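Structure record follows, encoded as structure tokens.
The values are calculated or read from the model by the stated rules, or taken from the named source; none is laboratory data. Because the structure is predicted, anything quoted here is derived from the model rather than measured. Ideal geometry is used to build each Cβ from the backbone, glycine not excepted, and the neighbour counts take in all protein chains shown.
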Amino acid sequence: MLLALISLAVSSPQTVATDGAPLYAPPVVRPFEPPSNFGRVTAEGDGRGDPRRRPIDHPVAVGAYRASYEFAPTSAEAAYDRGVVEAESGMDARMGPLDGRWRVRDASGAEILTLALTDEGPARPLEGAWRRDGTPTESGVIDRAERSNAGVVLAWRDGGLTLRPSGDGWVGELTEAGRRRAVTLAR
């Protein structure tokens, strides 16, 4: 899978498909953007910390500690951490149901493939790569992905998957070399 993704990243410099649509545009991930008064707001209550403790500017032996090992975060540090967590949660909420890493298993439960999919919702194309489990050299890019009310079809050079949602995962058929077999997708 890593090899497929690397080969995709360093492939030909073609940026526009034959129909004029861009082949790939990086997602807009907005980092936490603090307000204009960030860091200048006076802490309330006991949020100012211990004024008698000076910052640690050199290594300190463990035996030299008399209280806690680290300073409590300032209100600015805590606000920044909350902002980063909220930005990540917002981005995760906008992603589609197939986004992430999936294992394709046959009826006996044996892992056949690993999929890495990027699903930015129904308005954007589904992209991804596959790798046969146990063989790091047998991998590829998903060439075509189609969505419908019934499910999703993923196709690549020598095979493909026809999937429909089921419970916590997806079920369907894997087609390889003209053979079809029932499979399930799970995280």
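Per-structure values
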{"item": "Set THR175, THR137: member being hydroxyl-bearing (Ser, Thr, Tyr), more than 19 Å from the chain's Cα centre (by Cα) and part of a strand (DSSP E or B)", "result": "THR175"}
{"item": "Selection within segment 103-130 - of a type in the set (A, V, I, L, M), closer than 17 Å to GLY151 by Cα and part of a loop (DSSP other than H, G, I, E, B)", "result": "ALA123, LEU126"}
{"item": "Any hit, segment 78-94, residues being in a loop (DSSP other than H, G, I, E, B) and hydrophobic (A, V, I, L, M, F, W, C)", "result": "no"}
{"item": "Identity of the residue in segment 145-160, within 14 Å of LEU117 (Cα to Cα) and without any contact (Cβ under 8 Å) to a residue 12 or more places away in the chain, that ends up surrounded by the fewest Cβ atoms within 10 Å (Cβ to Cβ)", "result": "GLU146"}
{"item": "Test: residue in segment 56-75 that is in a helix (DSSP H, G or I) and surrounded by 11 or more Cβ atoms within 10 Å (Cβ to Cβ)", "result": "yes"}
{"item": "Count - residues of segment 98-118 that are within 12 Å of the chain's Cα centre (by Cα) and not acidic (Asp, Glu)", "result": "7"}
{"item": "Residue list for segment 96-117, filter: farther than 23 Å from ARG180 by Cα, in contact (Cβ under 8 Å) with a residue 24 or more places away in the chain and not small (Gly, Ala, Ser)", "result": "PRO97"}
{"item": "Residue check, GLY39 modelled with pLDDT of 70 or more, surrounded by 12 or more Cβ atoms within 10 Å (Cβ to Cβ) and in a loop (DSSP other than H, G, I, E, B)", "result": "yes"}
{"item": "Search result, residues across segment 159-172 that are within 21 Å of the chain's Cα centre (by Cα) and assigned to a loop (DSSP other than H, G, I, E, B)", "result": "ASP168"}
{"item": "Matching residues in segment 111-121 - criterion: being surrounded by fewer than 19 Cβ atoms within 10 Å (Cβ to Cβ) and closer than 20 Å to VAL171 by Cβ", "result": "GLU111, ILE112, THR114"}
{"item": "Conditions (1) surrounded by 14 or more Cβ atoms within 10 Å (Cβ to Cβ); (2) within 15 Å of PRO97 (Cβ to Cβ); (3) charged (D, E, K, R); number of the one not met by ARG164", "result": "(1)"}
{"item": "Cβ-Cβ under 8 Å pairs, at least 6 apart or on other chains, segment 56-70 side modelled with pLDDT of 70 or more, far side not in a loop (DSSP other than H, G, I, E, B)", "result": "none"}
{"item": "Extreme residue, surrounded by the most Cβ atoms within 10 Å (Cβ to Cβ), among residues of segment 76-102 that are modelled with pLDDT under 85 and charged (D, E, K, R)", "result": "ARG94"}
